Structure formats: C-alpha cells, structure tokens
Amino acid sequence: MLPLLAIALAIGSGARTLAGEEEAGRLELVLSYPVPRRRAVAAKAAAVAVEVAAFCATAYAALALASQVFGLGLPPGRLAGGLLSVFLLALLHGWLAVGTGAATPSRALAIGVPAAAAAAAYLVGGLHGLAGWLDPFRFVSSFWWAGQAPLSSGVEYAHLLVLVLATAAALTAALVLIGRRDLDTA
Amino acid sequence: MTAAPAIETAALSKTYAGGVRALADLDLRVERGEVFAFLGPNGAGKSTTIRLLLDLIRPTAGRAWILGYDCRTDSVETRRRVGYMPGDLRLFDRLTGREQLDSLARLRGSVDSAWRRTLSERFAVVLDRPIRELSRGNRQKLGIVQAFMHRPPVLVLDEPTSGLDPLLQGEFRTLLHETVAGGASVFLSSHSLDEVQHVADRVAIIRSGRLTDVDSVERLRGRSLRHVTVTFSQPADPHAFASLEGVRVVGVEGVVVRLSAPVAAMDAVVKAAARHRLVDLVSAPADLEEIFLELYREEDDRA
Ligand SMILES: Nc1ncnc2c1ncn2[C@@H]1O[C@H](COP(=O)(O)OP(=O)(O)O)[C@@H](O)[C@H]1O
Ligand SMILES: [Mg+2]
C-alpha cells in the first residue's frame, strides 16, 4: 500500500509541476527570463524529490512509532532500508512524469505514462512467480528491483542501485527533451 | 557588439507542427533607441515572431539576434537583456501581486527595487491582493512592471495595452517615450494603428506571416485612409474625385457621394468638393484592415 501511495503522490507532483504549468500557460513568462530550460526542469525535479522525501520521512516516523507502541519489533535499519526503496520507486515514477512533461506538453500523458509503467511493473513484479512465461520480464519491473516485502524481509541494496540508475536516466531524459521542442503556446 | 542593432532577423520562418505557415522569411532590423511597432491583424504572426525572439519556440528556418546575441544559441544572454510582456499573460493566481513580482525579481537576479516601486506606484498596481481576484487590467499592470523592472535595453511587448484603461494607456506611452529616450529599444506589437501611431518611430506591417511594409509613422499616416461622405445640394458628378491620386468613389446615391481617400489626398478632395454647393462633409478614419486592403490594392496595381 505504502509504495502505491508514494507513487501516486510522486506522479501527481511531477505532472503538475511541469506539464500542468505549461498547460496553464504559466511556463511562458518563466522561460522568457534568463533561466536555462534545463535549470527550470531540474528545479522542478528537485521539488518532486523533496515532496517524496518528506512523505517517506513522515511514513518512517509513523512506522517507527507504531513499532514501538505495538511492539512490532521492526529494526530501525530495516525500516529505513524499506523506505529508501519506497522513496526510489516513487521518485522514479515522479521523474518519469517530469520526463513525459518535458517531451510533450500534456498533463494527461504526464500522469498516464508513468501510471501505466507503474501498473505494468506492479503486475509483473507480483505475478512473475505464478506465471512462468512472465518470469524473464521481472528484470523490467521496478517493483521487482525494489523488493517484494522490504519491511519484513529487508532490501537488496545492490538491487536498489538499479532503481537509482533508472531514476537518473529518467531525469537525464527530461533535461535533454525539454531543450528540443517548442513551448506549447496555443 | 556595440554596433549590433537591438533586434535583427534574417529569413526567419515558422511552420507549426500542424502545417500552419505562421511566418515566412521575415527580415527585420530594429535600431537602438527606437520604438518599432509590429502591426497586423489577428493571426498575422506577431506572437509567433515574438516567441521566436525569446526562444520559446524554434524557427523552421532563418535566424534572429538581439543586441548581437543569437536568439537560439545564446538565448540566456538575449533573455537577460529583454523585458517581455506576453500577449496572453498568465500569472500565479494564488500569489499576491507583490509575491509574484518578488518571485520574478529573484529569477532575474538583480532588479532595481526603487524603480520597481516607482513603476508600481505610477500604474497604481494592486500589490496586496491575490492575483485571482484581480481584473484583467490589474493583471496587465503587473505584466508591465515585470517587463520594465530590471531596466532592460530591449523591450518586447505583445499587445501590451489591451485591457488597460485610457488613462493608463497614456501613462504607458509616457513610459515608452522615457524608455527610448534613455537609449533602450521597444518592439511593440499591435493590431491597431491608432494605438501605436503616437509612440512608434517606424511601423512594420505583417499579414498572413509576411512582412508587407516597413515605413515611418508619418508616411504611413499619410497613406492611411479616410471614409469621406460628401452631401451636395444638387446631384453631382463624381468624376472630379475619381481622377484624384489614391481616391476611390465607393458609391453615389443622388446628392450623396461616398469616397475612400488617403489622408494625403484630403486637401485635393476638399477643394474638388468645394467647387459645388455643399450641404455636409464627413470624414472618418478607416480601420486597419481597410488600410491593409488598400495597401494590397496598390501592390496589385504595381504588379
Ligand atoms: N502553437 C500553435 N500551433 C499551431 N498553430 C499556431 C500556434 N500558434 C499560432 N498558430 C497559428 O499561427 C498563425 C499566427 O498566429 P500568431 O502568431 O499568434 O498571430 P498574432 O499574434 O499576429 O495574432 C495563426 O494562424 C495561428 O492560428
Ligand atoms: Mg498575438
């Protein structure tokens, strides 16, 4: 549940901050100022990261407290690892939303593309063990790399590195794509 | 660099993704210290040109420079030197005017805050209410302040006075005069000759993405049209008018003769009319679209 909430928050934030602003026509004035487009997009990506990080920090505090109160006995290190994996998973999709907004000025697409990617990854990550033919595809599932049950069984930090690389790739794509097109002014 | 004009374009062209040819082979040169009006009806390509200058959209062909800096490859340098007022200004509705200007000033880096205050006072800008509560005119004033607040050497203004009340239009004209007196240049788009004729030094006319004319305001005004309705006491012969340079007889109904005449021909029109006994003479300015039509007629005649 927590990863899905975090992803929804990240996609909403990423779509609003770039495609949403462009659709509302507010990007035109900002980009007429002496700010490189890349820097404007980097600032928006950073804002998404801050929002997701704040969400994860709050979730960490709440879970740590609940563990104390109800005596769940979650080791703080494992909890931190689990939330790091949630953070990366959400940030990946938030930055995919920014990247989609950088490629095309549609808020609907900036929500739809990363949401579809998340849904597909979720299904593949959850079903690959049951449907054998899906098994080879687990490597394209962000959920698989994030770990199936990070809170109970811990995370593979080497696997999280794959998420870090994918997230960096999404940001790089956003920074490249924003420079290549017309601002939508219609 | 010092010799570079304020704005220069060479064969600047833009065809939008949908195939709309919005601008074709635009060659322009705006000198330093002049107000240059860019005049054309709706859909002529004015905003397209301006967005190309600011690197908001990319040309299909051709190049543009501001103060010698390439608008494509050096766009941060060009935008640093430009104050821009969008034709369709969109601000952050949740912010107050002051917060919006603060945020834009931070984006600029350095802004003369005393000058910003002076501008806000001169235009009676509403600073402490959320922008969503402001009228179009009050938003437009914020647009003016943000365009001028860093004292840019080049101003690019896309139909800046639409929505502004007449008193403030006068204040705005004064501001433009001061701006060019201080050595800066103004590129001002408009669809109304009346709006620019008292501020502009030169006027370029664009229609359907093509530059049709660049002229001084005086010359253009001389060519600008009047609708003249002459009422005689007796049915009169309109041929005396038809032979005058640039004059067309639009209609004759009994004692009433209707003409279209360039301002430059008004003296001859009045003298020709005065040879007969007059009941009335009314002269009204034609609108821009009619002036364009007349210009095209002249071009066709020459062709
Ligand atoms: N983003 C766009 N996509 C497609 N066509 C456009 C776009 N913006 C403007 N146009 C078209 O280009 C032409 C010129 O538009 P514009 O430059 O806005 O004219 P003006 O500012 O003189 O009214 C018009 O036919 C307009 O419909
Ligand atoms: Mg326009």
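The values are calculated or read from the model by the stated rules, or taken from the named source; none is laboratory data. Because the structure is a prediction, the values reported are computed rather than measured. Cβ sites come from the backbone with ideal geometry, for glycine too, and all protein chains shown count toward neighbours. Areas reflect the complete protein model, heavy atoms only, side chains present, ligands, DNA and RNA absent. Shrake-Rupley method; radii C 1.70, N 1.55, O 1.52, S 1.80 Å.
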Original post:
Can you tell which of A:Phe70, A:Phe87 is closer than 27 Å to A:Phe137 by Cα and among the aromatic types (Phe, Trp, Tyr)?
Top reply: A:Phe87
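Residues checked against (1) among the β-branched types (Val, Ile, Thr); (2) within 16 Å of ligand 2 (Cβ to nearest atom); (3) in a helix (DSSP H, G or I):
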position	(1), (2), (3)
A:Ile111	yes, no, yes
A:Ala118	no, no, yes
A:Val124	yes, no, yes
A:Gln148	no, no, no
A:Ala158	no, no, yes
A:Thr172	yes, no, yes
A:Arg180	no, no, no
A:Leu183	no, yes, no
**OP:** Can you confirm whether region B:232-247 contains a residue that is in contact (Cβ under 8 Å) with a residue 24 or more places away in the chain, of a type outside the set (Phe, Trp, Tyr) and open to solvent by 70 Å² or more (accessible area, probe 1.4 Å)?
**Re:** yes
**OP:** For B:Phe92, state whether it is buried (at least 17 other Cβ atoms within 10 Å of the Cβ), free of Cβ contacts under 8 Å to residues at least 60 places away in the same chain and assigned by TED's automatic domain parsing to the domain that holds B:Thr179.
**Re:** yes
**OP:** Please tell me if B:Glu121 is in contact with a strand residue (DSSP E or B) (Cβ under 8 Å, 6 or more places away or on another chain) and part of a helix (DSSP H, G or I).
**Re:** no
Original post:
Under 6 Å by Cβ, and 6 or more places apart or on different chains, what pairs join a residue from region B:31-49 that is open to solvent by 30 Å² or more (accessible area, probe 1.4 Å) with one that is within 9 Å of ligand 2 (Cβ to nearest atom)?
Top reply: B:Ser47/B:Gly87; B:Ser47/B:Asp158
Original post:
Can you tell me which residues in region B:6-27 are free of Cβ contacts under 8 Å to residues at least 60 places away in the same chain, away from ligand 2 (no atom under 16 Å from the Cβ) and surrounded by fewer than 17 Cβ atoms within 10 Å (Cβ to Cβ)?
Top reply: B:Ala10, B:Ala11, B:Thr15, B:Ala17, B:Gly18, B:Gly19
Original post:
Does B:Ile57 satisfy being surrounded by 19 or more Cβ atoms within 10 Å (Cβ to Cβ) and facing chain A (nearest Cβ under 10 Å)?
Top reply: yes
**OP:** Answer yes if at least one residue in region B:63-84 is facing chain A (nearest Cβ under 10 Å), within 16 Å of ligand 1 (Cβ to nearest atom) and either more than 19 Å from B:Leu155 (Cα to Cα) or at pLDDT 95 or above (or both), and no otherwise.
**Re:** yes
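Could you list, in sequence order, all residues of region B:149-173 that are part of a helix (DSSP H, G or I) and either open to solvent by 10 Å² or more (accessible area, probe 1.4 Å) or within 16 Å of ligand 2 (Cβ to nearest atom) (or both)?
Result: B:Pro166, B:Leu167, B:Leu168, B:Gln169, B:Gly170, B:Glu171, B:Arg173.
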**OP:** Quickly run through region B:101-148 and pick out the residues that are surrounded by fewer than 18 Cβ atoms within 10 Å (Cβ to Cβ) and polar (S, T, N, Q).
**Re:** B:Ser103, B:Ser110, B:Ser113, B:Thr118, B:Ser135
Original post:
Looking at (1) more than 16 Å from ligand 1 (Cβ to nearest atom); (2) within 11 Å of another protein chain (Cβ to nearest Cβ); (3) within 22 Å of B:Leu176 (Cα to Cα), which is the one condition that is false for B:Leu101?
Top reply: (2)
**OP:** Filter region A:130-186 for residues that are surrounded by 14 or more Cβ atoms within 10 Å (Cβ to Cβ) and within 16 Å of ligand 1 (Cβ to nearest atom) and give the result.
**Re:** A:Arg181, A:Asp182, A:Leu183, A:Asp184, A:Thr185
Original post:
Counting just the residues of region B:28-53 that are away from every other protein chain (no Cβ under 14 Å) and among the basic types (Lys, Arg), which one comes out farthest from ligand 2 (Cβ to nearest atom)?
Top reply: B:Arg32
Original post:
Where in region B:174-288 are there helices (runs of 4 or more DSSP H), lying wholly inside it, with at least 1 residues that are at pLDDT below 90?
Top reply: B:193-196, B:217-223, B:239-242
Original post:
Are any residues in region B:180-212 surrounded by 18 or more Cβ atoms within 10 Å (Cβ to Cβ) and without any contact (Cβ under 8 Å) to a residue 60 or more places away in the chain, and if so, which ones?
Top reply: B:Glu195
**OP:** Give just the number: which of (1) away from ligand 2 (no atom under 16 Å from the Cβ); (2) over 23 Å from B:Asp215 (Cα atoms) does B:Ile57 not satisfy?
**Re:** (1)
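Here is a yes/no grid of residues against (1) out of contact with any Lys or Arg (no Cβ under 9 Å at 6 or more places or on another chain); (2) among the hydrophobic types (A, V, I, L, M, F, W, C); (3) within 16 Å of ligand 2 (Cβ to nearest atom):
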position	(1), (2), (3)
B:Glu195	yes, no, yes
B:Arg202	yes, no, no
B:Ser208	no, no, yes
B:Val214	no, yes, no
B:Glu218	yes, no, no
B:Val255	yes, yes, no
B:Ala261	no, yes, no
B:Val270	yes, yes, no
Original post:
Give me the pairs: first residue in region A:21-46 and facing chain B (nearest Cβ under 7 Å) and assigned to a helix (DSSP H, G or I), second residue buried (at least 16 other Cβ atoms within 10 Å of the Cβ) and among the β-branched types (Val, Ile, Thr), beta-carbon distance under 6 Å, and six or more apart or on different chains, which are they?
Top reply: none
